[in-house]
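Shown next, in structure tokens, is the structure this report addresses.
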Amino acid sequence: MKEKVEAALNKVRPYLQRDGGDVELVSIEDDGTVKVKLKGACGGCPMANQTLKNGIERVLKEEVKEVKEVVSV
């Protein structure tokens, strides 16, 4: 599952990097929760939660059916 999650993150990563940010996979929990760390400009951005839920989480859920939620740590 980790490889699938990394592949899905690689699909959204260029959009984050274009704005000076990035995302790092921290862990995948047994309950389907994926923990990520927003880095660079995304780390302190007021829109970070929107990016997390409407961008990263949406793509991960579409690409990896086992993903239930994505949270920032």
| request: Take the Cβ-Cβ distance between Asp31 and Lys53 as r, set R0 to 25 Å, and report the resulting FRET efficiency rounded to the nearest 0.05. | output: 0.90
| remark: Taking max minus min of the Cα coordinates of the chain on each principal axis, largest first, gives extents in Å of 29, 20, 18
| message | Please list, in order along segment 5-11, the HN-Hα scalar couplings obtained from phi with the Karplus expression 6.51 cos²θ - 1.76 cosθ + 1.60 (θ = phi - 60°), rounded to whole Hz, x for Gly and Pro. | response | 5, 4, 4, 5, 4, 5, 6
| remark: Output ordering of 50-58, 11-19 (per-residue mean of other Cβ within 10 Å, highest first) is 50-58, 11-19
| field | Antiparallel DSSP beta bridges within the chain, as percent of all bridges there, nearest 5 | value | 65 percent
| field | Sulfur and carbon atoms: percent of accessible area, the chain [1.4 Å] | value | 49 percent
| task | For segment 24-38, take each phi angle, set θ = phi - 60°, evaluate the Karplus expression 6.51 cos²θ - 1.76 cosθ + 1.60, and give the result in whole Hz per residue in order, putting x for glycine and proline. | result | 10, 6, 9, 6, 10, 8, 4, 8, x, 7, 9, 9, 10, 10, 7
| Amide H to amide H, which residues 5 or more places from Cys45 or on other chains are under 5 Å from it, using H placed in the peptide plane? | none
| task | Leaving ligands, DNA and RNA out of it, rank Val23, Val71 by accessible area with a 1.4 Å probe, largest first. | result | Val71, Val23
| query | Which value in nm describes the separation of the simple spin-label points at Val71 and Lys4, placed 7 Å from the Cα toward the beta carbon? | reply | 2.1 nm
| task | Give the residue from Val70, Gly21, Leu52 lying farthest towards the positive end of the charge dipole for the chain; charges sit on Cβ (+1 for Lys and Arg, -1 for Asp and Glu) and the dipole is referred to the Cα centre. | result | Gly21
| task | Could you do me a favour and compute the accessible area per residue for the chain, 1.4 Å probe, result in Å²? | result | 61 Å²
| Using the Karplus equation 6.51 cos²θ - 1.76 cosθ + 1.60 (θ = phi - 60°), what ³J(HN,Hα) coupling, rounded to whole Hz, does each residue of segment 44-54 give in order, writing x for Gly and Pro? | x, 6, x, 9, 4, 5, 4, 4, 4, 7, 7
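The values are calculated or read from the model by the stated rules, or taken from the named source; none is laboratory data. As the structure is a computational prediction, the values presented were derived from the model and not from experiment. Quick reminder, even Gly has a Cβ in these numbers, built from the backbone with ideal geometry, and neighbours come from all protein chains shown. The accessibility values were calculated without ligands, DNA or RNA, using every heavy atom of the protein model including side chains. Shrake-Rupley method; radii C 1.70, N 1.55, O 1.52, S 1.80 Å.
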